[in-house]
1. Taking only pairs six or more apart or across chains, which ones have beta-carbon atoms under 8 Å, a first residue in segment 198-215 that is farther than 18 Å from Gln150 by Cβ and assigned to a helix (DSSP H, G or I), and a second residue that is modelled with pLDDT of 95 or more and among the hydroxyl-bearing types (Ser, Thr, Tyr)?
2. Evaluate the following for Pro227: is it out of contact with any Leu (no Cβ under 8 Å at 6 or more places or on another chain) and assigned to a helix (DSSP H, G or I)?
3. What about Glu120, is it loosely packed, with under 15 Cβ neighbours inside 10 Å and either free of Cβ contacts under 8 Å to residues at least 40 places away in the same chain or more than 16 Å from the chain's Cα centre (by Cα) (or both)?
4. Just to check your reading of the model, which residue among Leu109, Leu69, Leu62 is under 24 Å from the mean Cα position of the chain (by Cα) and at pLDDT 90 or above?
5. Of everything in segment 19-50, what is in contact with a Cys (Cβ under 9 Å, 6 or more places away or on another chain) and over 28 Å from Tyr224 (Cβ atoms)? Give them in sequence order.
6. Keeping to segment 177-228, report how many residues are in contact with a helix residue (DSSP H, G or I) (Cβ under 9 Å, 6 or more places away or on another chain) and hydroxyl-bearing (Ser, Thr, Tyr).
7. Does segment 191-210 contain at least one residue that is touching an Asp or Glu at 6+ places or on another chain (Cβ under 8 Å), closer than 17 Å to Arg115 by Cβ and either buried (at least 16 other Cβ atoms within 10 Å of the Cβ) or in the same structural domain as Pro108 (by TED's automatic domain parsing) (or both)?
8. Does Ile94 qualify as being aliphatic (A, V, I, L, M), in the same structural domain as Phe186 (by TED's automatic domain parsing) and in contact (Cβ under 8 Å) with a residue 12 or more places away in the chain?
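The values are calculated or read from the model by the stated rules, or taken from the named source; none is laboratory data. What you see is a predicted model; the values in this text were computed from it and never measured. Heads up, the Cβs are rebuilt from the backbone with ideal geometry, glycines too, and the neighbour counts pull from every protein chain shown.
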Amino acid sequence: MAASLRYRHRVVSEADVAFIRQLIGEHPTASRRQLSKKLCQAWNWVQGNGTLRDMLCRGLMLQLHRAGLIELPPVRQIPRNPLAERSRPVLVPIEAVPLRCRLAEIRPLEFHQVRRTPQEALCNSWLDQYHYLGYTQPVGENLRYLVYAQGRPVACLVWSSAVRHLASRDRFLGWSAEARCRNLRFLAYNSRFLILPWVEVFCLASHLLGGMAELVPRDWEQLYGHPI
């Protein structure tokens, strides 16, 4: 290999390629998925919450395979790609009873982080029905919230990890490419904000965002192992 190879900001040396060849040779019956997990464990290649970066690792190994630097075992199965084969959320009916009052009359509100819970389907369904952009599966790390007032749902919010390149953001922050790569995981975006259409409460939107400012960093670190 004439020069070090770079994949997703990771430099891969000739010694790394030799190690991967040895790993494949020592596990002749292992699948590509199993090999990627073994390599992640050997390199301690993990996310902030300790989860193996095996999907990223498979991409690296596939690039090396296509470049003729390693020989991967044949593909055993082609898994379903949920991002390419998206289905709309299951419709969950909700009683549309108008709520018109002052904010003080429904406080305190209840904020429920529903990512990876059975209630996540409610959030997805109501966004698909009532948000003007509909529901789109977030890519990467994300949190989803349902907000209740006196036991009634009033809002849904989604927070998503940052896209890699966004010219206006990068110009505003003034960070270098290196700083962006190092710190991108500490940014999150409010990708969906829905107050259910029959809810009319003055100042509710700003009150919700104020509550999110405290909850999102705490919940993000709890779920993904790093702050934002």
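1. From residues that are farther than 18 Å from Gln150 by Cβ and assigned to a helix (DSSP H, G or I), the pairs are Met212/Tyr145; Leu215/Tyr145.
2. Details: out of contact with any Leu (no Cβ under 8 Å at 6 or more places or on another chain): yes; assigned to a helix (DSSP H, G or I): no.
The answer is no for Pro227.
3. Details: loosely packed, with under 15 Cβ neighbours inside 10 Å: no; either free of Cβ contacts under 8 Å to residues at least 40 places away in the same chain or more than 16 Å from the chain's Cα centre (by Cα) (or both): yes.
No; evaluated as a whole, the condition is false for this residue.
4. Working: Leu109 fails: under 24 Å from the mean Cα position of the chain (by Cα); Leu69 fails: under 24 Å from the mean Cα position of the chain (by Cα).
Result of the check over Leu109, Leu69, Leu62: Leu62.
5. Kept after step one, since they are in contact with a Cys (Cβ under 9 Å, 6 or more places away or on another chain), are these residues of segment 19-50: 35-37, 39-40, 43, 45-46.
None - no residue of segment 19-50 is in contact with a Cys (Cβ under 9 Å, 6 or more places away or on another chain) and over 28 Å from Tyr224 (Cβ atoms), so the list stays empty.
6. 1
7. To start, the set of residues in segment 191-210 that are touching an Asp or Glu at 6+ places or on another chain (Cβ under 8 Å) comprises none.
No, that holds for no residue.
8. Details: aliphatic (A, V, I, L, M): yes; in the same structural domain as Phe186 (by TED's automatic domain parsing): no; in contact (Cβ under 8 Å) with a residue 12 or more places away in the chain: yes.
Here the answer is no, as Ile94 does not meet what is asked.
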